[in-house]
Amino acid sequence: MARAALLVLADGRFPAGGHAHSGGAEAAVRAGRITGAANLEDFCRGRLHTAGLVAASIAAAAVLGLDPGELDAAADARTPSPALRGAARRLGRQLTRAARATWPSAELDALAGEFPKGAHQPVVLGLTARAAGLGADDAAYCAAYESVSGPATAAVRLLSLDPFDAAGVLARLAGEVDRVVDQAVEAGRRASVDGVDVLPAASGPVLEVSAEAHAAWAVRLFAS
């Protein structure tokens, strides 16, 4: 049953709001950093090992029972861009709504009360995984995969990229997703002993700067 729940949570059709976000791909396309499948793969790889690793570690730590408030503060500290912090909280709020309707949980109810405007999405993802009977590795997989699938899906719309090429990018990154998940779960376990400060703080400065520029655009296809 837990594995079926993982499929539901990881499904792009789960109403968690991710379809409205490009993970920085829209800004990268406009800047000419993504023009096709080859540099889309480079972009996704960079995002996986920075924002993806951080998100996966926080999600894993939440499943392992670390305090959600402390994890939310840790996520804030690891997200310099106000635009990205806002996007993470909007995604968290939407995921909270979907999760509470799907897997009712006192922990999710408490989180919604503590963060009425939304906790960071990876924190919510971890508590959602707990509510669904999933483990730390499951939550980390959802976060890590989302960090690359979001930009890949967005590139199909932004560039009219062949969906088969986008799927190929994700398949080629599969082994690296596995390794990032292993790192994230280990980091979550260390944090359960030593506190949230030991969680990864890998950064992608271009993603952060581009997010601020993207937020100021008068017309855009994606929210972030």
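The values are calculated or read from the model by the stated rules, or taken from the named source; none is laboratory data. Every value quoted in this text rests on a predicted model; they were computed, and no experiment measured them. Cβ placement follows ideal geometry from the backbone for every residue including glycine, while neighbour counts extend to all protein chains displayed.
A few comments on the model shown:
- Selection status of GLU176, acidic (Asp, Glu), at pLDDT 95 or above, in contact with a helix residue (DSSP H, G or I) (Cβ under 8 Å, 6 or more places away or on another chain) and over 19 Å from ALA75 (Cα atoms): yes
- Residue ID - surrounded by the fewest Cβ atoms within 10 Å (Cβ to Cβ), chosen from residues in the range 186-207 that are touching a Pro at 6+ places or on another chain (Cβ under 9 Å) and under 22 Å from HIS21 (Cβ atoms): PRO205
- Residue within the range 175-188 that is of a type outside the set (D, E, K, R) and over 16 Å from the mean Cα position of the chain (by Cα) present: yes
- With respect to being closer than 18 Å to ARG47 by Cα, buried (at least 16 other Cβ atoms within 10 Å of the Cβ) and of a type in the set (Ser, Thr, Tyr), SER210 fits the description.
- Helices (runs of 4 or more DSSP H) lying entirely in the range 1-95 (those with 1 or more residues that are closer than 19 Å to ALA211 by Cα and touching a Pro at 6+ places or on another chain (Cβ under 7 Å)): 25-30, 37-47, 53-63, 68-77
- GLY46 vs. criteria small (Gly, Ala, Ser) and more than 16 Å from LEU125 (Cβ to Cβ): yes
- Taking each residue of the range 89-113 that is on the phi > 0 side of the Ramachandran plot and looking for partners that are in a helix (DSSP H, G or I) and modelled with pLDDT of 95 or more with beta-carbon atoms closer than 9 Å, six or more apart or interchain, yields nothing.
- Criterion (assigned to a loop (DSSP other than H, G, I, E, B), over 14 Å from the mean Cα position of the chain (by Cα) and of a type in the set (Gly, Ala, Ser)) met by exactly one of GLY113, GLY118: GLY118
- The residues of the range 143-169 that are farther than 14 Å from HIS19 by Cα and either without any contact (Cβ under 8 Å) to a residue 24 or more places away in the chain or acidic (Asp, Glu) (or both), listed by number, are SER160, ASP162, PRO163, PHE164, ASP165, ALA167.
- The number of residues in the range 30-62 being β-branched (Val, Ile, Thr) and buried (at least 24 other Cβ atoms within 10 Å of the Cβ) comes to 3.
- The single condition from (1) surrounded by fewer than 21 Cβ atoms within 10 Å (Cβ to Cβ); (2) closer than 17 Å to GLY46 by Cα; (3) not basic (Lys, Arg) that ALA155 fails is (1).
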